[in-house]
Structure formats: C-alpha cells, structure tokens
Amino acid sequence: MNSFTSSGFTNFMKMAIEQAKIAQSAGEVPVGAVLLGPAGDVLAKSGNRTRELKDPSAHAEVLVIREACQVLGNERLIGCDLYVTLEPCAMCAALISASRIRRLYYGASDIKSGGVEQGARIFSHSQTHHRPEIYPGICEEEVVGLMSSFFGDLRH
C-alpha cells in the first residue's frame, strides 16, 4: 500500500464526501464515490443506494463503475481513478480489479467490512489479475467523523 495524504487530491475526495452526505440524508450508509477518466474528468459520482434501489449491490463504487463503463462504452476502465470515502468491501474490490481501475484513493479503513487492507484483502490474492495503485487515508478524519455520526445516531 502507498501512504498518500497530499492535499492536492482532497478535492475529489471532498466530492465523494458530498455524495456520502447525500446518501446519508436518504437513509443510506454514508459512502460516496467519484470516478475520474484518464484525462482527469469526472465520469461518474454517486453515494450508496442499496435501500433506495432495493439492491444489495448498489454500493457507491458499483454505481460509479457501471456508469463510467456506459460513458466510455467499455467494460475496462484503464487509466481511470476511483475516489471512495470508505475502504471498499470485498465485492467492490473484486469489481475494481475486474474493471482495471488504475488508482484507488480512499478515506477511512473499514475494520468490519473492508476488502483492501482489512478482511479479505482482495488485491493480495494470487487469483487477482489486476491490482490498482492504492492510496488510503485521504480526508480520513472527516470520513471517520461522518461514519461515527451516522452509526452513533442509529444507536440512539
């Protein structure tokens, strides 16, 4: 894993955080994602929509990857970068690999359900055909605060 916290990349993470807040306001777990094309243009952005769509696969990462594939007319997202507020789960990490995303930037680690640094560690398996460059910890404190607030409110 690469350790990367340069403020130059926070703008796209802030965009992902805004998507997470929109998801939260709709009653979803506050996870947001932004997918950039090879030229650095925003191809797709979304938050979690599992409850809204009644689809357990409607994670923010899945939604932006699906949309970007449609925009580019290709199932491979070579040269594309993904910003997501929370460490992707195993399902999303496998999709990131399958779609050949170049770089993954994420905010906070997910000790319970993460699939990158925690849990399944999808990119470490020998069966994984593609491993993106990984940059964790972008805007981590803000993301942790958002998640803590959301789950704290659920408990009360």
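Yes/no matrix, rows are residues, columns are (1) over 19 Å from Ile101 (Cα atoms); (2) part of a helix (DSSP H, G or I); (3) at pLDDT 95 or above; (4) of a type in the set (Gly, Ala, Ser):
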position	(1), (2), (3), (4)
Ser3	no, no, no, yes
Ala20	yes, yes, yes, yes
Pro30	yes, no, yes, no
Glu61	no, yes, yes, no
What number of residues in the range 116-156 are closer than 18 Å to Asn48 by Cβ and either touching a Pro at 6+ places or on another chain (Cβ under 6 Å) or among the hydrophobic types (A, V, I, L, M, F, W, C) (or both)? 9
Can you tell which of Arg76, Arg66 is closer than 23 Å to Thr128 by Cα and assigned to a helix (DSSP H, G or I)? Arg66
So if I check each of Ala58, Ala44, Ala98, which one is touching a Ser or Thr at 6+ places or on another chain (Cβ under 7 Å) and among the small types (Gly, Ala, Ser)? Ala58
Considering only residues of the range 36-53 that are assigned to a helix (DSSP H, G or I) and either modelled with pLDDT under 95 or of a type outside the set (A, V, I, L, M) (or both), which is least open to solvent (accessible area, probe 1.4 Å)? Thr50
Does the range 95-106 contain any residue that is part of a loop (DSSP other than H, G, I, E, B), more than 25 Å from Glu141 (Cβ to Cβ) and in contact with a His (Cβ under 7 Å, 6 or more places away or on another chain)? yes
Mind checking which pairs have a first residue in the range 109-130 that is closer than 16 Å to Ala98 by Cα and surrounded by fewer than 16 Cβ atoms within 10 Å (Cβ to Cβ) and a second that is among the polar types (S, T, N, Q) and modelled with pLDDT of 95 or more, Cβ under 9 Å, 6 or more apart or different chains? Thr128/Ser97; His129/Ser97; His130/Ser97; His130/Ser99
Being within 21 Å of Met147 (Cα to Cα), free of Cβ contacts under 8 Å to residues at least 12 places away in the same chain and open to solvent by less than 80 Å² (accessible area, probe 1.4 Å) is the filter here; which residues of the range 56-80 pass it? Ala58
Since Gly152 meets every condition but one in (1) modelled with pLDDT under 95; (2) open to solvent by 60 Å² or more (accessible area, probe 1.4 Å), which condition does it not meet? (2)
Given the conditions (1) assigned to a loop (DSSP other than H, G, I, E, B); (2) in contact with a helix residue (DSSP H, G or I) (Cβ under 8 Å, 6 or more places away or on another chain), report the number of the one that Val84 does not fulfil. (1)
Per the filter on the range 9-35, residues open to solvent by less than 10 Å² (accessible area, probe 1.4 Å) and in contact with a Cys (Cβ under 7 Å, 6 or more places away or on another chain) are Met13, Ile17, Leu35
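The values are calculated or read from the model by the stated rules, or taken from the named source; none is laboratory data. It should be emphasised that the depicted structure is a prediction, and the values quoted were computed from it without experimental measurement. In this analysis, Cβ positions are derived from the backbone assuming ideal geometry, glycine residues included, and neighbour counts consider all displayed protein chains. Note: areas computed on protein heavy atoms with side chains; ligands, DNA, RNA excluded. Shrake-Rupley method; radii C 1.70, N 1.55, O 1.52, S 1.80 Å.
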